[in-house]
Amino acid sequence: MGIIGTIFIGLIVGLLARFLKPGDDSMGWIMTIILGIAGSLVATYGGQALGIYQAGEGAGFLGALIGAIVLLVIYGLIRKK
């Protein structure tokens, strides 16, 4: 998947993470895309570290969504300080 596909999936995952997490998350489109892409990366490499995924295997949509929600919670905690 190319960079455009990664950005598109990141946007979808970021939007779903913002929708599923309760509370006010005031951030723009760029931050939403970055959050989704980072969630996918965290889920992929975290899953590889835990032995859930093999090297070269992506986390999948649900793993990326869970990773994005975790990052959204952390982002909210940091931003409040």
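Derivation of every value follows stated rules applied to the coordinates shown; laboratory data play no part. None of the values given here were measured: they were computed from a predicted structure. So basically every Cβ, Gly included, is an ideal-geometry build from the backbone, and we count neighbours across all protein chains shown.
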Exercise. HN-Hα J couplings of the range 34-45 from phi, Karplus 6.51/-1.76/1.60, θ = phi - 60°, integer Hz, Gly and Pro as x?
Worked result: 4, 4, x, 5, 5, x, 5, 5, 5, 5, 5, 6
Problem set entry | For the range 11-81, size of Cβ-based charge dipole, Lys and Arg +1, Asp and Glu -1, in debye | 260 debye
Seminar exercise, completed: Nearest 10, in degrees from 0 to 90: the angle of helix 3-20 to the longest Cα principal axis of the chain is 50 degrees
For this session: Output the Cα-based Rg and Dmax of the chain in Å, rounding Rg to one decimal and Dmax to a whole number.
Result: 12.5, 37
